[in-house]
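Here is the structure we will look at, set down as structure tokens.
The values are calculated or read from the model by the stated rules, or taken from the named source; none is laboratory data. In this text, all values refer to a predicted model and were calculated from it rather than measured experimentally. Counting neighbours? That spans all protein chains shown, and the Cβs are built from the backbone with ideal geometry, glycine included.
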Amino acid sequence: MEAPKAGGSGVRRLSQDTFWESQFNFKDLEDKVRLIFQGVLDPRPWRIPAERLASVTHGALRMGQGLGREPKEVLQKGFFRPPGRVIFHLVFPHEISVSLKRPAGQTPSHIKFRTRAEPEWRESRSAYTKEEVSLDARELLLRHFVDESLLERRYEGKRLLTLTPSFPRFLEVWGRMGASLELQLPPLVYDPKTGEAIKGGPLPADIALLLAPEEVAWKVLQELHAALEVSARIVQWVKPSTLLERPHVHELAYNLARKAGGIPFLLEGLTHNVLGIVHTRDGFFWKLLSPEGRLTDQGWDLPQRTLPYPLVVHFRGGDEALEEVLSWAQWPLVRIKSTRLRFSQKGLLLGTYLRALPELAYLHAHPGHPGWPKALSVEVVQGNLRLEEAVTQVYWLTKVAGGLYHPGALPLSVADPEPTGLGKGKAFGEKRYP
């Protein structure tokens with residue numbers, strides 16, 4: 001039932017007014033709060049005093065050829081210690097193709113302009129165009145793992161080079177890092193529906209590279225993984241899209257070189273050994289790191305062995321666990337926490353930190369993609385250790401824990417207890433899916 005709407009009256013008009021009046025209005029709330037607390041609130045945004053902000057200034061990464069400040073510089077300077085000759089075994093599906101786009105020239109266009117009281121004139125423009133090229137899984141791996149000089153000797157190779165003139169080649173990036181590789185032949189070709197071997201079989205290798213398109217079921221890949229890890233030291237799953245983008249190829253080569261035993265860099269300019277302790281559901285997990293950032297030992301429960309000097313303890317966990325560690329530790333102790341605090345500047349340089357208290361700082365160590373960069377809390381809880389020294393060591397250890405382009409969200413000392421080859425746990429990134 002509805003009354004007439006003439007003159008803006010009636011049930012419909014009344015219901016609309018009631019609806020809009022019941023809606024939340026943030027501006028009204030803000031005006032009321034400002035009126036009530038006008039003697040307390042300052043409407044201007046808070047600006048951090050410049051003297052409270054500082055940045056990590058010393059420290060570096062020692063690489064194969066000199067010093068750097070970012071892991072990605074290993075692409076030019078090489079690994080500090082390359083993994084040597086690594087044997088790869090390639091595993092790919094039968095009759096699955098991959099599409100990629102390549103430059104196909106320019107398309108010219110002519111636009112005529114006429115303005116008032118002036119003669120007509122013409123402007124020529126051009127747009128870059130791309131065409132789609134299809135490669136099967138075998139051709140994709142040939143382009144990445146076979147030298148161009150060998151491809152030029154065969155008709156199939158020449159065609160492949162013509163189709164992909166500018167291509168991010170894994171073999172080139174691998175050599176740029178100072179490493180070398182050898183292919184274990186024949187490769188394994190599997191049925192994408194069942195996972196059964198059509199050609200070849202599992203062979204002894206350092207790394208079995210398993211090409212895993214989206215068309216292949218997860219269960220099939222798991223069964224293949226189980227069959228390959230009997231003979232291969234490392235089984236690495238790779239999406240075809242990873243092999244089409246240059247940054248992804250660089251990251252893949254970097255991670256595999258590290259897993260194969262290569263050392264990309266050592267930390268330079270730090271003096272303290274680090275004992276990292278993380279409190280988990282299973283108890284305490286600890287790692288012992290050298291001043292250069294190398295993992296030398298690890299285990300569960302609090303360590304009972306003799307520890308090197310000088311030593312600083314990094315701790316991540318709750319308050320009760322902290323009290324237990326404090327009653328055991330006799331060295332300087334730094335508590336590290338991930339916070340929900342965010343830096344308001346997106347362009348802030350990594351290594352910048354806010355000195356909130358004489359013993360507490362908030363460190364900008366990760367770019368925060370996606371979203372705003374979060375602050376890492378670094379607090380000197382006990383011991384004679386300057387806050388600047390604690391922040392510097394935490395900052396550089398995030399680079400050890402990260403990848404080629406981005407640091408880790410936490411330093412390696414208190415990262416989750418998964419990167420191991422020395423005890424309980426699995427090898428670094430072994431089941432990562434790039």
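All of Arg342, Arg305 fail the test of being touching a Lys or Arg at 6+ places or on another chain (Cβ under 6 Å) and without any contact (Cβ under 8 Å) to a residue 60 or more places away in the chain, apart from Arg342. Scanning the stretch 364-407 for residues that are small (Gly, Ala, Ser) and over 24 Å from the mean Cα position of the chain (by Cα) turns up just one, Gly383.
Listed by position, the strands (runs of 3 or more DSSP E) contained in the stretch 127-223 that have at least 3 residues being touching a residue at least 24 places away in the same chain (Cβ under 8 Å) are 180-183, 188-190, 205-211.
The set of residues in the stretch 220-241 that are under 21 Å from Leu183 (Cα atoms) and surrounded by 18 or more Cβ atoms within 10 Å (Cβ to Cβ) comprises Leu224, His225, Ala227, Leu228, Ala232, Ile234, Val235, Gln236, Trp237, Val238, Pro240.
Within the stretch 372-397, the set of residues being among the hydroxyl-bearing types (Ser, Thr, Tyr) and either surrounded by fewer than 18 Cβ atoms within 10 Å (Cβ to Cβ) or under 22 Å from Gly318 (Cβ atoms) (or both) comprises Ser377 only. Residues considered: Arg294, Arg258. Of these, the only one that is at pLDDT 90 or above, within 17 Å of the chain's Cα centre (by Cα) and of a type in the set (Lys, Arg) is Arg258.
Kindly evaluate Tyr254 against the criterion of being over 25 Å from Pro407 (Cα atoms), out of contact with any His (no Cβ under 8 Å at 6 or more places or on another chain) and either touching a residue at least 24 places away in the same chain (Cβ under 8 Å) or assigned to a helix (DSSP H, G or I) (or both).
no
Residues that are part of a strand (DSSP E or B) and among the aromatic types (Phe, Trp, Tyr) were ranked within the stretch 327-363; the one that is surrounded by the fewest Cβ atoms within 10 Å (Cβ to Cβ) is Tyr362. Would you be able to say whether some residue in the stretch 388-401 is modelled with pLDDT of 90 or more and of a type in the set (Phe, Trp, Tyr)? The answer is yes; a qualifying residue exists. Scanning the stretch 203-219 for residues that are at pLDDT 90 or above and among the charged types (D, E, K, R), we see that the one that is surrounded by the fewest Cβ atoms within 10 Å (Cβ to Cβ) is Lys219. The combined condition, being under 18 Å from Trp237 (Cα atoms) and either of a type in the set (A, V, I, L, M) or surrounded by fewer than 20 Cβ atoms within 10 Å (Cβ to Cβ) (or both), is not fulfilled by Leu161. Which count do you get for residues in the stretch 287-309 that are among the hydrophobic types (A, V, I, L, M, F, W, C) and farther than 13 Å from Ala329 by Cα? So the count comes out to 4.
From the list Trp237, Trp286, pick out the single residue that is part of a strand (DSSP E or B) and within 17 Å of the chain's Cα centre (by Cα). Criteria check complete, one pass: Trp237.
Only one of these is more than 30 Å from Pro186 (Cβ to Cβ) and modelled with pLDDT of 80 or more: Gly84, Gly78, Gly105. Name it.
Values: Gly84 fails: more than 30 Å from Pro186 (Cβ to Cβ); Gly105 fails: modelled with pLDDT of 80 or more.
That would be Gly78, the only listed residue that is more than 30 Å from Pro186 (Cβ to Cβ) and modelled with pLDDT of 80 or more.
Residues are listed down the side, and each one gets a yes or a no for (1) in a helix (DSSP H, G or I); (2) in contact with a Phe, Trp or Tyr (Cβ under 9 Å, 6 or more places away or on another chain); (3) not assigned by TED's automatic domain parsing to the domain that holds Leu270:
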| position | (1), (2), (3) |
| --- | --- |
| Val325 | yes, yes, no |
| Leu376 | no, yes, no |
| Glu379 | no, no, no |
| Thr392 | yes, no, no |
| Tyr395 | yes, yes, no |
